[in-house]
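What follows is a short report on a single structure.
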Amino acid sequence: MNRGDCQLLSDLIFEQQKKQISYNTLRRFFKVDKNANQKPSSQTLNVLSKFVGHANYFSFTSGEPSKASWELQNELFYYLDKLDTTKLQNFLIACRIQKAPNLVELLTVCFRELLLSKNYKAVHDISQSKGLNLFDLSYSERVQFGRSVGLVMRKINIPKEELIALAENNVFLEMVFLIFVDYSSLNVSHSNYMRLMEYVSAGAVKLKRKDQLFFECLSYLRKLLIGEPLPNLTIRPSNNLHPILYSRVCSVLIIENSFSNASNASILEGIAKKMQSRAVE
């Protein structure tokens, strides 16, 4: 209500957090200074939110999630409209640092809009941003992002060179192509996923061996579903593969064995050992 209150609050904040907010800043914030029209900084908002028991300002505003979400969405679209990749990237990094509750939603909208507008350079710049660090998202967040961005890729036709570049972008590969497998387009020759599989098979895409295995398994499944001659498989599951990829390779080998009446004993034994080693870890 007055300067004395502001000075007391300033002292209490410093005692609790060892961070200084001057009484003048607090006078402006609480409108004790009637002429003040300066907006508080994000640092001030975070410190005050923490003082009343929240992790940060976004946590505090979660009591009004629709308002916070709406404001951030507006800001996101502003930067998308301005085509300023640096400011867009900095905005997303700030949301990440501030733990915005709708961060994945903002990232999803951003990447979908960039793909629809064919701004592939921005897709690369933002996805590979060290400050944003998309690899640090939780598994469920990565699945949500990958599915949402993958769905929009059904509706666009990405040029060959850009499609290859996206596949060779390790972040985009891991976050989209390896998460959202567009099974519905495996028999559609002009789909982005189908074309990418062909480019991988032709050796036009530089991938790690484990990622080549992923696409080889998909290609085998496609040929099986549409009745094309099946290739002679040279792939074998190795112990260093991720369990999901390991099981995908094994499933393809079991299908192949079913045509030759070969035994699956060694494959099943390998799966059992893989499961045991994961249980120990």
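Values in this text are rule-based calculations from the coordinates and carry no lab data. Note that the structure is a prediction, hence the values are computed from the model and not measured. Positions of Cβ are backbone-derived with ideal geometry, glycine not excepted, and every protein chain shown enters the neighbour counts.
Some observations on this one:
- Cα gyration tensor shape for the range 100-171, rounded if a/c is under 1.5, else prolate or oblate: prolate
- Considering only 1, 16, 77, the residue lying farthest towards the positive end of the dipole of the range 1-140 is 1, judged by Cα position with unit charges set on Cβ.
- The range 149-281: relative contact order as a whole-number percent, Cα under 8 Å and 6+ apart: 17 percent
- Of [x] 55, 53, 41; [y] 60, 45, 37; [z] 87, 46, 28, the label for Cα extents along the principal axes in Å derived from the coordinates: [z]
- In Å, descending, principal axis extents of the Cα set of the range 1-94: 47, 30, 24
- 14 Å beta-carbon shell around residue 263, net charge (K/R +1, D/E -1): -2
- Trypsin sites (Lys or Arg not before Pro) restricted to the range 56-149 and DSSP loop, no more than 14 other C-beta within 10 Å: 99, 118, 130
- Positive contributions from Lys and Arg (+1) and negative ones from Asp and Glu (-1), summed over other residues with Cβ under 15 Å from the Cβ of residue 40, come out at +4.
- Top positive-direction residue, dipole computed over the chain with Cβ charges, set 95, 217, 139: 95
- Under Karplus coefficients 6.51, -1.76 and 1.60, residue-wise ³J(HN,Hα) of the range 134-142 in Hz, glycine/proline x: 5, 5, 7, 5, 5, 4, 5, 5, 5
- Cα gyration tensor shape of the range 64-215, rounded if a/c is under 1.5, else prolate or oblate by comparing a/b with b/c: prolate
- Checking every one of the trypsin sites (Lys or Arg not before Pro) in the range 1-47 against DSSP loop status and a limit of 13 other Cβ atoms within 10 Å picks out 18, 19, 31, 34.
- 3J(HN,Hα) along the range 217-225, derived from phi through the Karplus expression 6.51 cos²θ - 1.76 cosθ + 1.60 where θ = phi - 60°, amounts to 5, 5, 4, 4, 4, 4, 4, 5, 5 Hz, with x in place of Gly and Pro.
- Per-residue HN-Hα couplings for the range 239-255 [Karplus 6.51, -1.76, 1.60; θ = phi - 60°; Hz; x = Gly/Pro]: 5, 8, 6, 4, x, 5, 5, 4, 5, 5, 4, 4, 5, 5, 5, 5, 4
- Computed over the range 155-281, the alpha-carbon pair-distance distribution with 10 angstrom bins reads 11, 40, 33, 14, 2, each value a whole percent.
- When the listed pairs 118/208; 18/82; 130/223; 39/99; 121/208; 34/87 are checked against a 29 Å cut-off, the alpha-carbon distance exceeds it for 18/82; 130/223; 34/87.
- Positive dipole terminus of the chain, leading residue within 30, 157, 246 (C-beta point charges): 30
- Loop trypsin sites (Lys or Arg not before Pro), the range 189-281 (other Cβ atoms within 10 Å of the site Cβ: 11 or fewer; DSSP): 206, 208
- Simple spin-label estimate for residue 143 and residue 263 in nanometres, 7 Å along Cα-Cβ: 3.7 nm
- The simple spin-label model puts a point 7 Å past each Cα toward its Cβ; for residue 187 and residue 151 those points are separated by 2.4 nm.
- Placing unit charges on the Cβ atoms only, positive for Lys and Arg and negative for Asp and Glu, gives the range 209-249 a dipole magnitude near 80 debye about its Cα centre.
- In the chain, the longest principal axis of the Cα atoms and the axis of helix 103-116 are about 60 degrees apart.
- Charge context of residue 28, other residues only, Cβ under 15 angstrom, K/R +1, D/E -1: +3
- Cα gyration tensor category, rounded, prolate or oblate, for the range 142-192 with a/c compared to 1.5: oblate
- Estimated dipole of the chain in Debye, rounded to 20 [Cβ of Lys and Arg +1, of Asp and Glu -1, Cα centre]: 380 debye
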